1. With the condition kept exactly as written, say whether any residue in the range 195-207 is modelled with pLDDT of 90 or more and of a type outside the set (Phe, Trp, Tyr).
2. Could you count how many residues in the range 49-99 are in contact (Cβ under 8 Å) with a residue 24 or more places away in the chain and farther than 21 Å from residue 136 by Cα?
3. Which of (1) part of a loop (DSSP other than H, G, I, E, B); (2) at pLDDT 95 or above does residue 106 not meet, given it meets every other one?
4. Counting only residues that are more than 17 Å from the chain's Cα centre (by Cα) and part of a loop (DSSP other than H, G, I, E, B), how many does the range 79-98 have?
5. Any residue at all in the range 179-186 that's within 18 Å of residue 114 (Cβ to Cβ), in contact with a Lys or Arg (Cβ under 7 Å, 6 or more places away or on another chain), at pLDDT 75 or above and not β-branched (Val, Ile, Thr)?
6. Can you report the number of residues in the range 104-145 which are buried (at least 19 other Cβ atoms within 10 Å of the Cβ) and under 20 Å from residue 166 (Cα atoms)?
7. Looking only at residues in the range 46-70 that are assigned to a helix (DSSP H, G or I) and among the acidic types (Asp, Glu), which one is farthest from residue 124 (Cα to Cα)?
Amino acid sequence: MSAGRPAVARQVPHHGTEAHRRHPRTKPEQRLPGRPRSEQASRAIIAATLEMLAEGVSLDSLSMEAVATRAGVGKATLYRRWSNKAALISDALVSLYEPPVPVLRGSVREELTTAVDDLRRWTRDSIAGRLLTHFTSGPCCSPELRAQYFQSVIEPKKAVFREILRRRIVNGDVHPSIDIEATLWIVFGSVLFGYALSEGAGEEQFSSDNIVDLILPGISSASPPQ
């Protein structure tokens, strides 16, 4: 250093400077936990459970190990989510819930016939419908699982018919003194239990028109119930 020349202090960058605050160093993007993978495994387990039951595996024969194999997951993955078979089946039934879908409107007869057609098609073609025998006539079904099936699966279907009858009462097409719940069970007994007990053989024995023609005279405002 030359004599008489003042020393120049070195400028040390400080992380609190204005420049640093304007241009902070960006951190590498952090990976999120494996949530998507976890949800995918849960969906696969639920799907495997429903598929096996719909294919005819009984509630008693269904095993956690077989479900894990079908879903392509380890048993530990399955048991971390569901500690027993009843809990797994209960959640599988909850996943079947579908909000009620109103049918196209026309005359009361046309509307009810369309709704019965939809119910018959659902019973025959959907996984939820094909599970009916497990939770109605199966000796291995617990009261809790039977109640869960009716709450998650059957009740939304009944809600469609209930809405039709209530609206038609307001419109004057259906007599206000009818027992709506009894009427619903006449329809559902004809379709669901008739199909389940006959294992589909009764499908050709009666039509949706037959069912509606049987109940309509008893609920019509033109011929009030006695």
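The values are calculated or read from the model by the stated rules, or taken from the named source; none is laboratory data. Predicted model, so just to flag it, every value in this text is computed and none were measured. Counting neighbours? That spans all protein chains shown, and the Cβs are built from the backbone with ideal geometry, glycine included.
1. no
2. Final tally of qualifying residues: 9.
3. (2) is the only condition that residue 106 fails.
4. Here the count works out to 3.
5. There is at least one residue in the range 179-186 that is within 18 Å of residue 114 (Cβ to Cβ), in contact with a Lys or Arg (Cβ under 7 Å, 6 or more places away or on another chain), at pLDDT 75 or above and not β-branched (Val, Ile, Thr).
6. Going through the range 104-145 one residue at a time, the tally reaches 7.
7. Only one residue tops the list, namely 65.
To keep it simple, each residue is scored yes or no on (1) under 15 Å from the mean Cα position of the chain (by Cα); (2) not charged (D, E, K, R).
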site: 116; (1), (2): no, yes
site: 121; (1), (2): no, no
site: 129; (1), (2): yes, yes
site: 132; (1), (2): yes, yes
site: 143; (1), (2): no, yes
site: 151; (1), (2): yes, yes
